[in-house]
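What follows is calculated from the coordinates using simple rules that are stated; it is not laboratory data. None of the values given here were measured: they were computed from a predicted structure. Cβ atoms come from the backbone with ideal geometry, glycine included; neighbour counts cover every protein chain shown.
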Ligand code: SAM
């Protein structure tokens with residue numbers, strides 16, 4: 001992709017925050033500032049930036065969780081669940097004994113999520129809690145499914161988050177990740193670059209007064225491993241039958257894996 005710098009990420013204690021190299025120990029704090037700053041306008045910005053496309057992607061993603069519409073119990077963990085889009089769609093499309101725990105590191109995003117969940121009358125089925133994807137506050141083999149949507153690229157140690165996903169899933173549980181990925185359609189990739197680097201930061205400035213946060217969001221997408229590399233990381237964490245499904249030419253992708 002154009003606009004991606006050729007320099008590799010810094011080694012040692014440095015890591016990438018968008019296209020910037022920062023000390024590894026400071027990265028999560030910087031990510032938290034981004035989400036604290038955008039939380040109240042996060043849903044609006046998602047619609048504006050993607051022209052509503054994120055709603056279709058999320059619906060496809062939730063359909064893959066496979067919770068029953070009947071009475072059988074099913075426990076979902078939605079990590080980096082933010083304002084609750086995944087957990088809410090899941091609860092609204094599954095049976096009464098399908099419950100979810102939404103874990104997110106940002107108190108501001110959780111507060112937005114809590115209001116949305118309450119407004120939809122889903123507080124008894126969705127519990128929201130603060131937690132870091134790299135060190136989840138749950139016992140081993142607790143959940144039937146683990147989801148993370150547009151969250152994992154914000155995590156500093158992706159390998160640690162994947163290991164945690166594997167740990168907290170029951171045997172036979174499914175890992176599902178929805179994330180921006182590598183656009184694989186010529187021309188669409190150029191349009192997408194223009195939209196990402198020229199339109200999104202300006203939209204961010206207009207609606208939230210904060211173009212920097214949106215620049216980070218776009219840059220972090222380009223830093224994230226492509227479909228193949230991320231699938232290899234998921235296998236490395238112990239998942240089996242790993243597969244990838246591209247959405248909109250690979251602008252986003254759903255990775256799936258099973259704990260067998
Ligand atoms: N999943 C939601 C969605 O699809 O709309 C929110 C995605 S939002 C782009 C990314 C979320 O990841 C933010 O709510 C942020 O607070 C959260 N996050 C970032 N680092 C995290 C970490 N280490 N552990 C848990 N959540 C994290």
Checklist entry - Is it true that some residue in region 90-103 is farther than 22 Å from residue 253 by Cα and within 13 Å of the ligand (Cβ to nearest atom)? => result yes
Checklist outcome for this item: Note on region 136-153: residues part of a strand (DSSP E or B) and more than 9 Å from the ligand (Cβ to nearest atom) are 143, 144, 145, 146
Item to check | Residues of region 196-251 classified as touching a strand residue (DSSP E or B) at 6+ places or on another chain (Cβ under 7 Å) and farther than 27 Å from residue 21 by Cβ, total | outcome: 10
Item to check | Within region 171-197, tally of residues that are within 14 Å of residue 50 (Cα to Cα) and out of contact with any helix residue (DSSP H, G or I) (no Cβ under 7 Å at 6 or more places or on another chain) | outcome: 5
Checklist outcome for this item: The one condition residue 122 fails out of (1) part of a loop (DSSP other than H, G, I, E, B); (2) crowded, with 18+ Cβ neighbours inside 10 Å; (3) within 12 Å of the ligand (Cβ to nearest atom) is (3)
Next on the checklist: Of everything in region 93-119, what is assigned to a loop (DSSP other than H, G, I, E, B) and touching a residue at least 40 places away in the same chain (Cβ under 8 Å)? Give them in sequence order.
Outcome noted: 105, 106
Checklist entry - Looking at 144, 140, 104, which is the one that is surrounded by fewer than 21 Cβ atoms within 10 Å (Cβ to Cβ), under 15 Å from residue 77 (Cβ atoms) and touching a strand residue (DSSP E or B) at 6+ places or on another chain (Cβ under 8 Å)? => result 144
